Amino acid sequence: MSAILLVMTGWDPAEWQAQFLALAPRREVRIWPDRVGDPAEISYVCAWKPPPGLLAQFPHLKAIFSLGAGVDHLTGDPLLPAVPLVRVVDRDLTARMTEYVVLHVLLHHRRLRLYQAQQRERVWHEHAQPAASEVAVGIMGLGVLGRDAAEVLARIGFRVAGFSRTGKSVAGIETFHGENGLEAFLARTEILVCLLPHTPATEGILNLTLLRKLKRDGALGGAYLINAGRGMLQVDADILAALEEGALAGASLDVFPSEPLPRESPLWTHPNVVITPHNAGVSDPRALANNVLMQIERFERGLPLEHVIDRKAGY
Ligand code: NDP
Ligand code: OXD
């Protein structure tokens, strides 16, 4: 017996199970917490936010599959078994994230919040509109998601740069990396898009000191933040302070240190903040069940698993 166990918090496992069984009817697919069966029969866990310590209970586990692109919901578990930890890299998820990033870059670029406010007051007034080619977008995290978004934004005409841990070369995109590259990257960036993973090195990186370094006197006349990476990258109080003092003119936030965003957070009602409920790049079981099953098949044929994370780097 080589069973797959679905472990998820906040998502409906029945939908995932149905997809797995539709694609691989002969597989044994179980659901935590009610239908785990004999823990010794679990070979693969497919997880989204499992309770810490749970995965250590399966003595014959061969691989763990994160059902999201991010793995911080797993790497924070001090008892995480030392088996390969695989993350999602899938065209469906990437396309969804790129939609989100492009939507929010354009929303700030085309001043949609301002025009919506004018509409409520029945005000017919046109504001100066820079061309995309005058506006500098900077993407922190030039990985699978950041790179796709960068390429689409460049195609629309924005001046796009990317920032990563190690050096990269991407046609049509200016690249910066490492601590030495950060200052120059921020100094040229008017719309900062964050698609970094949450690791010890990135926690709290979106703080007031960093936000103050963004370019405020560019074509847009202010700096904007779009965070669809992880909530633990951002300091909510610092974003509010940056909006207050003018370091930021607006923000789109999909992720928060505490999710759901507490009802009392002043971010909810800030006129220049757009809030979405961590759905920038949702994991759709119709696309991802197949992705995971293909990986398991590769593994069972003796081929290397793809997109195994580097435990030391944390992503
Ligand atoms: P990747 O691992 O492909 O890319 C991560 C990028 O971040 C890489 O370019 C990496 O640099 C860079 N990076 C990591 N650490 C640092 C650092 N300390 N300093 C500078 N750059 C750093 O991940 P994905 O693009 O697939 O996903 C990114 C994140 O997006 C996920 O980890 C997840 O948190 C988030 N996400 C959010 C979703 C949502 O719905 N809001 C949906 C899906 C993902 P290098 O290239 O040098 O390795
Ligand atoms: C992910 C997410 O990591 O949805 O994929 O946040």
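Identify the trypsin sites (Lys or Arg not before Pro) of segment 100-187 meeting these criteria: DSSP loop state and at most 11 other C-beta atoms within 10 Å of the C-beta.
In loop regions of segment 100-187 (DSSP not H, G, I, E or B), the sparsely surrounded trypsin sites (Lys or Arg not before Pro) are ARG122.
In the chain, if the dipole is taken from +1 on Lys/Arg beta carbons and -1 on Asp/Glu beta carbons about the Cα centre, which of VAL274, ALA47, ALA149 is farthest to the positive end?
The residue sitting farthest along the positive end of the dipole is ALA149.
Most fluctuating residue of ALA117, ALA22, ALA14 in a GNM of the chain with Cα springs under 10 Å: which is it?
Looking only at ALA117, ALA22, ALA14, the largest GNM fluctuation is found for ALA117.
Between ASP34, ASP254, ASP90, where does the largest GNM mean-square fluctuation fall for the chain, given springs only between Cα atoms within less than 10 Å?
For the chain, modelled as a Gaussian network with Cα springs under 10 Å, the answer is ASP34.
Quick one: net charge around LEU261, please, counting Lys, Arg +1 and Asp, Glu -1 for every other residue with C-beta under 15 Å from its C-beta.
Net charge in that neighbourhood comes out at -2.
To test your reading of the geometry: what angle, between 0 and 90 degrees and rounded to tens, separates the Cα axis of helix 285-300 from the longest principal axis of the chain?
Around 50 degrees separate the two axes.
I'd like the orientation of helix 13-23 relative to the chain: the angle between its Cα long axis and the longest Cα principal axis, in ° from 0 to 90, rounded to 10.
70 degrees
Based on DSSP H runs of at least 4 residues, each adding -39500 (n - 2.57), what is the mean residue ellipticity at 222 nm of the chain after dividing by all its residues, to the nearest 500 deg cm²/dmol?
Helix-only estimate at 222 nm: -9000 deg cm²/dmol.
For ARG91 and ILE156, FRET efficiency with R0 = 35 Å and r from the beta-carbon atoms, rounded to 0.05?
0.95
How compact and how long is the chain, expressed as Rg and Dmax of its alpha-carbon atoms in Å?
21.2, 68
Taking 0.36 nm per intervening residue step and subtracting the Cα-Cα distance, what contour gain separates SER133 from ILE275 on full extension?
Difference between extended and current length: 48.4 nm.
For segment 1-66 and segment 172-192, what is the separation of their C-alpha centers, rounded to whole Å?
So the two Cα centres are separated by 41 Å.
Are there any chymotrypsin sites (Phe, Trp or Tyr not before Pro) in segment 63-170 that are in a DSSP loop and have at most 13 other Cβ atoms within 10 Å? List them by number.
Counting only loop positions with at most 13 other Cβ atoms within 10 Å, the chymotrypsin sites (Phe, Trp or Tyr not before Pro) in segment 63-170 are TRP124.
Loop only by DSSP, 13 or fewer other Cβ within 10 Å of the Cβ. Give me the GluC sites (Glu not before Pro) in segment 285-315 that pass, ordered by residue number.
Taking segment 285-315 and a limit of 13 other Cβ atoms within 10 Å, the loop GluC sites (Glu not before Pro) found are GLU306.
Computed from the coordinates by the stated procedures, all read-outs in this text should not be read as laboratory data. Everything numeric here is computed off the predicted structure, so don't read it as measured data. Glycine gets a Cβ as well: all are built from the backbone with ideal geometry, and neighbour counts include every protein chain shown.
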